[in-house]
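Report on one structure; see the data block that follows.
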Amino acid sequence: MEVSSGTQFAQLLLRAFDVMVDEVRESLKDAGHPGLTVVNERAMQAIDGGAFSAATLARDTGVSRQAAAKTISALEKLGYVTREADPSDARMKRLGVTPEGRKAVGIGAAAFDRVFARWQQENAVASHTTIEALERLVASREG
């Protein structure tokens, strides 16, 4: 595919991401976590990183509160996330990632790392330059 426009570049990036996601999903399925998505994994990472409520999870992951609440409920039913009383405010429920959730996140992260390492190995010279260029592109929008 020859990339000669911004639209084609965006499509190529999305297709590359889809390839990575498919490999992660397969790894999770093979390890006994069928149906777990990269979105679920990202939510668990955010929770483990301090997103303690649906509101903070929504803010940290860039989704609506309703989407965050649905994700939390699904992860809770699957046994990957818990809701427990906040020690400082009994009316609040704090989110936590279970050991099984951390295991799933580790499997997903390892799968992403495998795809990345394979890509770097196949594109040794260009990979560093490409990563730097993409980082500059992202940084230009984040200000």
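Values quoted throughout were computed directly from the atomic coordinates according to the rules given, and no laboratory measurement underlies them. All values reported here derive from a predicted model rather than from experimental measurement. So basically every Cβ, Gly included, is an ideal-geometry build from the backbone, and we count neighbours across all protein chains shown.
Look at residue 58 and say whether it is touching a residue at least 12 places away in the same chain (Cβ under 8 Å) and of a type in the set (Gly, Ala, Ser). Walk me through how you get there before you give the answer.
On the way: touching a residue at least 12 places away in the same chain (Cβ under 8 Å): no; of a type in the set (Gly, Ala, Ser): yes.
The answer is no for residue 58.
Residues in the stretch 70-88 that are among the hydroxyl-bearing types (Ser, Thr, Tyr), within 17 Å of residue 103 (Cα to Cα) and touching a helix residue (DSSP H, G or I) at 6+ places or on another chain (Cβ under 6 Å): 80 only. Exactly one condition in (1) surrounded by fewer than 14 Cβ atoms within 10 Å (Cβ to Cβ); (2) of a type outside the set (D, E, K, R); (3) part of a loop (DSSP other than H, G, I, E, B); (4) under 16 Å from the mean Cα position of the chain (by Cα) is not met by residue 32; state its number. Of everything listed in (1) surrounded by fewer than 14 Cβ atoms within 10 Å (Cβ to Cβ); (2) of a type outside the set (D, E, K, R); (3) part of a loop (DSSP other than H, G, I, E, B); (4) under 16 Å from the mean Cα position of the chain (by Cα), residue 32 misses just condition (4). Of the helices (runs of 4 or more DSSP H) entirely within the stretch 46-143, those holding at least 3 residues that are within 28 Å of residue 9 (Cβ to Cβ) occupy 99-122, 124-142. All told, residue 62 meets the bar of being farther than 24 Å from residue 33 by Cα and under 13 Å from the mean Cα position of the chain (by Cα).
Quick check on residue 49: is it without any contact (Cβ under 8 Å) to a residue 60 or more places away in the chain and within 15 Å of residue 100 (Cα to Cα)? Write out each step before concluding.
Working: without any contact (Cβ under 8 Å) to a residue 60 or more places away in the chain: yes; within 15 Å of residue 100 (Cα to Cα): no.
It is false that residue 49 is without any contact (Cβ under 8 Å) to a residue 60 or more places away in the chain and within 15 Å of residue 100 (Cα to Cα).
For the stretch 65-93: of the residues being farther than 27 Å from residue 32 by Cα and among the charged types (D, E, K, R), which is surrounded by the fewest Cβ atoms within 10 Å (Cβ to Cβ)? So the residue we want is 91.
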